[in-house]
């Protein structure tokens, strides 16, 4: 479980596969085209899509990092304007299920278990409305939320529930809802990070925000096949491409290290090591803070 909630060890699966392994230093850049061709996005294998979702969709990663940096909790960051009873479309329900999942992780990491009980009712309503409520053991989560000593179990169950939902949606021809849920988690996590770094400047946190350039590219691969599904999807794709424009000139340079061998559960495990350098100006960071806030705040409105 600890491996799931450590943002400092984020793996960028698709980016790794595109790098030349013989090169000691590489830089991640967006594809030259202004948009990702749908034909390229549709070539993603189920394994590649699973890797993307696994590395994006944990609702507690950003919250874990904020707690590690000893950033104080603030309820002002939560998407409290979301009313599950006013979400009318499956698009909104899936997207906001992701957003509230990130908020649940934030509350649980800071042991605000009383507040998380209120959030759970909204999550339950949204999950049941898109027919994935069976993956939440709400009574178990409620009991664990009332017991501070059970935080590890609570986090594990919360993460596992979202991972099961993601897998179920993708394998049952509802990949568009899985993509929306994942994007909702990511946008809310990005919002939490950018709001905090605006008030509590920190190099580690700003670097993590800069590294989301790669995750955003993965998200665009996920969403591109659905961009023409409806005006709602088209608008969301437009928002993500607007964020991409803000990331375009931020540089991420990787230096490849030597593989490290270790023993785990009686077997040999080879771990690739590398370091990254994020080159991002204060103006570029400010641009990310502003556009993230604009997009996220618009998405959580109940019109």
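Since every read-out is calculated from the coordinates, none of them should be taken as a lab result. Everything numeric in this text was worked out from a predicted model, so none of it was measured. FYI the Cβ positions are ideal-geometry reconstructions off the backbone, even for glycines, and counts take in every protein chain you see.
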Checklist entry - How far, in nm, would the chain grow between residue 199 and residue 86 when pulled straight, counting 0.36 nm per residue and subtracting the alpha carbon separation? => result 37.5 nm
Checklist entry - Can you work out the FRET efficiency for the pair residue 281 and residue 172, with r the C-beta to C-beta distance and R0 = 35 Å, to the nearest 0.05? => result 0.20
Checklist entry - What order do you get for 216-225, 114-123 when each peptide is scored by the mean count of other beta carbon atoms within 10 Å, highest first? => result 216-225, 114-123
Checklist outcome for this item: Length gained if residue 76 through residue 153 is fully extended, taking 0.36 nm per residue and subtracting the Cα-Cα distance, is 25.1 nm
Next on the checklist: Can you order the peptides 282-294, 186-198, 158-170, 62-74 by their average number of other Cβ atoms within 10 Å per residue, highest first?
Outcome noted: 186-198, 158-170, 62-74, 282-294
Checklist outcome for this item: FRET efficiency for residue 121 and residue 294 from the Cβ-Cβ distance with R0 = 35 Å, rounded to 0.05, comes out at 0.75
Next on the checklist: Assuming 0.36 nm per residue, please report the length gained on full extension of the stretch residue 229 to residue 135 beyond their Cα-Cα distance.
Outcome noted: 31.2 nm
Next on the checklist: I'd like the distance separating the alpha-carbon centroids of the range 161-217 and the range 100-139, in whole Å.
Outcome noted: 17
Checklist entry - How much space per residue, in cubic angstrom, does the convex hull of the C-alpha atoms of the range 59-214 take up? => result 106
